[in-house]
Every structure is written in C-alpha cells, then in structure tokens.
Amino acid sequence: MTTLTITGNLVADPELKIIPSGKAVTSFTVVSSKSTKLADGTWENTDTTFWNIKCWNKLAENTSQSLKKGMAVIVLGSAVQEEWSDKNTGEKKSKIAVTAWSVGVDLKRHTVDVVQLSRNGAGDVEIDPWTQPNWQTKPVAHPLTDVAPF
C-alpha cells in the first residue's frame, strides 16, 4: 500500500453519494502545484497534478458538509488503482485515485471553528455540548512577553 500526503486546493465542491449498500462516499479533486517566483517578481505554477480523492462513511459526510471549492486542504490516504470498462467501446481503462483516511483544512490559508463530534452506542455521531472544546479565538496578552521592556 502506498501512503500519500497531498496538499492543494479543491477544484470544485465535494460530491456526496449514497451507494446501494447504504454507505456514503464523497468524491472531490485536489490540484497541487509548485509555485516558483520568477525574476520579474511574478509567480508561476509548475508540476501541476490533479488528484481524485474518495472518502467513505462519516469522513465522506463531514467533508461534503465542511469543504468548498477553492479551499486549501491536506489529505492523508492510500493510492489505489481503479479499473473499469468503457460503456461504449468496452475498452479497459484505469486510473490512480486516493482513498482518504483523513482530510483537514490547511491552516496556513484558513482558520476554522472546531466542533467536537462523539459517537452514541449505535455508532451515530452526536454533538455533546458539555464536551465542546473551548478553543481560543482571539490572542490574549501574556503578562510577561507582551509588556514593553522600558
């Protein structure tokens, strides 16, 4: 199994589907590239790669609710070879896709509000308001480091 970490931007909103077995699957594409500063001060994107990503079950539901086109993300997953036959020609086709284990928003480019999810006995996700994290959203002056030295 090949493990990948991919950083890039979503080219479109994720698409959530429920397959016949009842499982949720979300598909989206991430574009990654290397940005190089040219001599004239402008930037050029090179080594551009489009990655097809699939998420399953609760990860699928959460990514479809949380991610939008253009967002910078970090994806951890495994590379898989997908194969199928063309419906019109019968020709065998294949592509490399990524099955995501974890997806996050790239905090270099975004800030987020975190909601803690927990599972009830049936495996469903519930929000427990008593265990919500109390994340600090504004910097607080530190009494020793935020004082003028004079």
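Every number here is computed from the coordinates shown, using simple stated rules; none is lab data. Every value quoted in this text rests on a predicted model; they were computed, and no experiment measured them.
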Amide hydrogen neighbours beyond the local backbone of Asp13, cut-off 5 Å, H modeled: Lys69
Which lysines, if any, have their Cα less than 16 Å from the Cα of Lys54, not counting same-chain residues under 8 positions apart? Lys17, Lys23, Lys68, Lys69, Lys95
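Calculate the translational D of region 2-109 in whole µm² s⁻¹ from Stokes-Einstein, where the hydrodynamic radius comes from the Kirkwood formula applied to all Cα pairs, the temperature is 20 °C and the viscosity 1.002 mPa s.
Numbers: Rh = 15.2 Å.
Estimated via Stokes-Einstein, D reaches 141 µm²/s.
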